[in-house]
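Working notes for the structure below.
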Amino acid sequence: MQVALTSHRAMTPPPLSTRQRLLQAAWELFAAQGITETTTRQIAERAGVNEVTLFRQFGHKHRLLAAALEESAWLAPFATPSNTPRGLRDYASQQLQVLEQVPALLRSLIGEAGHYPIQTRLALGQALQQINRHTTQYLASANQKDELSSAQRTASLLNTLLLGYALVQFTSGEDVLWRDREDFLDSLVVLGPFTPSPMPEIVSDLSPNLVHELLQRAKKAHPRDYAWIYTLFATGLTPTELVQLQRDHQITDGDQYLLQIAQGVIRQVPVNQRILGKRYGSYSNNPLTQWLKSRKDRVPELFVDNQGVPLTLTALCTRWQELVTGLITPIPTIEQARQTWGVEMLLRGITPEDLTVLSGLTQLELQPYLKRVKEKQALEQALKLDH
């Protein structure tokens with residue numbers, strides 16, 4: 001019996017110090033009712049101490065606010081920095097979840113800011129700098145080639161948008177500028193400055209057999225899967241561009257089928273009917289047009305799920321993973337569809353200058369594609385010499 005009691009006591013966490021209780025109480029009250037409405041007496045009562053003890057520990061409420069913002073665990077480190085649009089989206093989503101825990105504190109930034117003493121404003125400024133340092137660290141870890149100053153500027157811009165979205169949402173009580181939160185996050189990663197180096201140093205295109213097998217697997221799974229995977233390999237769009245497409249972005253007749261890209265790099269791209277030596281329908285009858293003809297809804301987006309809700313970037317990437325699993329090891333990434341299209345276009349004779357126009361790639365981003373094409377051409381020549 002004595003042993004069990006000793007074990008239980010060993011597992012009990014140590015009691016919080018007076019300072020820790022005050023910080024915890026302050027953070028809970030600031031988050032729940034804002035800064036102005038929170039008094040030192042309320043904080044002291046919640047922490048189980050008298051007000052004199054609070055003043056001895058921190059002196060003033062603004063010093064307690066600064067300490068609570070600095071020492072709280074509201075900015076937990078991101079587990080795995082990822083140099084992809086999806087990684088950035090996940091990071092932004094996590095930061096919004098943090099902001100959603102303190103709606104009253106954010107609302108007070110607007111409604112009460114004019115009444116804050118200079119000390120409180122300095123405390124809030126220090127908190128914003130802390131957020132920026134956290135985001136800068138993430139961006140620098142995700143993309144080690146970026147200069148620190150560049151990551152700092154991007155972090156400031158990203159946090160301004162996240163904070164602005166949260167303030168509008170909490171003030172109005174709903175999404176008034178975006179369809180919903182997922183729509184905001186999807187649009188956020190489309191903006192070029194926030195996407196950390198989307199192009200890899202090495203382009204890894206997929207083999208014709210693998211691509212055709214994937215298309216057949218998608219065809220058997222669902223007409224929607226067949227349509228969007230076909231579109232990726234037929235147009236070279238990025239996943240973020242794909243989910244932004246709407247029905248009225250199509251330009252089609254018997255002699256051509258084009259898609260208008262309205263966000264990011266504005267341009268038109270042809271929907272190729274021939275993919276790696278195999279033809280997939282015609283300009284008026286292909287996997288994409290067949291999918292659109294089968295739909296009964298009036299949702300403007302080109303791709304929707306089974307409930308008629310526009311397909312999100314997260315859902316798209318998740319579905320790709322499901323469809324390619326078991327085809328080959330390592331599992332192909334969704335970005336390799338664009339790489340496969342780009343390499344194929346160059347091999348079929350398009351000039352690098354024209355490819356930059358169609359793809360939105362810069363000349364620098366196109367260099368890995370040109371290197372891969374030379375590798376394939378050299379390999380083909382070597383095989384011919386062996387016959």
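The values are calculated or read from the model by the stated rules, or taken from the named source; none is laboratory data. Everything quoted here is computed from the prediction, not taken from an experiment. Heads up, the Cβs are rebuilt from the backbone with ideal geometry, glycines too, and the neighbour counts pull from every protein chain shown.
Could you tell me which of the residues Ser282, Ser359 is surrounded by fewer than 19 Cβ atoms within 10 Å (Cβ to Cβ) and not assigned by TED's automatic domain parsing to the domain that holds Arg181? Lay out the reasoning, then the answer.
Working: Ser359 fails: surrounded by fewer than 19 Cβ atoms within 10 Å (Cβ to Cβ).
After ruling out the rest, the residue left standing is Ser282.
From Thr333, Thr329, Thr340, which residue is of a type in the set (Val, Ile, Thr) and assigned to a helix (DSSP H, G or I)?
Values: Thr333 fails: assigned to a helix (DSSP H, G or I); Thr329 fails: assigned to a helix (DSSP H, G or I).
None of the other options fit; the residue is Thr340.
Taking the options Val309, Val343, name whichever one is among the β-branched types (Val, Ile, Thr) and more than 20 Å from Arg89 (Cα to Cα).
Val343
Would the range 225-233 turn up any residue that is out of contact with any Leu (no Cβ under 8 Å at 6 or more places or on another chain) and either assigned to a loop (DSSP other than H, G, I, E, B) or at pLDDT 95 or above (or both)?
no
Which of the numbered conditions does Phe30 fail, given that it passes all the others? Conditions: (1) surrounded by 17 or more Cβ atoms within 10 Å (Cβ to Cβ); (2) modelled with pLDDT of 90 or more.
Condition not satisfied by Phe30: (2).
Give me a count of the residues in the range 46-69 that are assigned to a helix (DSSP H, G or I) and exposed (fewer than 14 other Cβ atoms within 10 Å of the Cβ).
Number of matching residues: 2.
Of all residues in the range 343-365, how many are assigned to a helix (DSSP H, G or I) and of a type in the set (Ser, Thr, Tyr)?
2
When you go through (1) over 20 Å from Cys317 (Cβ atoms); (2) polar (S, T, N, Q); (3) at pLDDT 95 or above one by one for Asn285, which number turns out not to apply?
Among (1) over 20 Å from Cys317 (Cβ atoms); (2) polar (S, T, N, Q); (3) at pLDDT 95 or above, Asn285 violates only (3).
Only residues that are under 21 Å from Trp228 (Cα atoms) and either touching a strand residue (DSSP E or B) at 6+ places or on another chain (Cβ under 6 Å) or hydroxyl-bearing (Ser, Thr, Tyr) (or both): list them for the range 313-359, please.
Step one: filter the range 313-359 for residues under 21 Å from Trp228 (Cα atoms), giving 313-328, 331-345, 358-359.
Across the range 313-359, the qualifying residues are Thr314, Thr318, Thr325, Thr333, Thr340, Leu358, Ser359.
Scan the range 345-352 and tell me whether some residue there is at pLDDT 95 or above and under 19 Å from the mean Cα position of the chain (by Cα).
No - not one qualifying residue is present in the range 345-352.
Looking at the range 242-255, is at least one residue in contact with a strand residue (DSSP E or B) (Cβ under 9 Å, 6 or more places away or on another chain), outside any strand (DSSP E or B), farther than 23 Å from Arg348 by Cα and modelled with pLDDT under 90?
No: the range 242-255 contains no residue that is in contact with a strand residue (DSSP E or B) (Cβ under 9 Å, 6 or more places away or on another chain), outside any strand (DSSP E or B), farther than 23 Å from Arg348 by Cα and modelled with pLDDT under 90.
Could you count how many residues in the range 303-320 are out of contact with any Pro (no Cβ under 9 Å at 6 or more places or on another chain) and either in contact (Cβ under 8 Å) with a residue 12 or more places away in the chain or assigned to a loop (DSSP other than H, G, I, E, B) (or both)?
Final tally of qualifying residues: 9.
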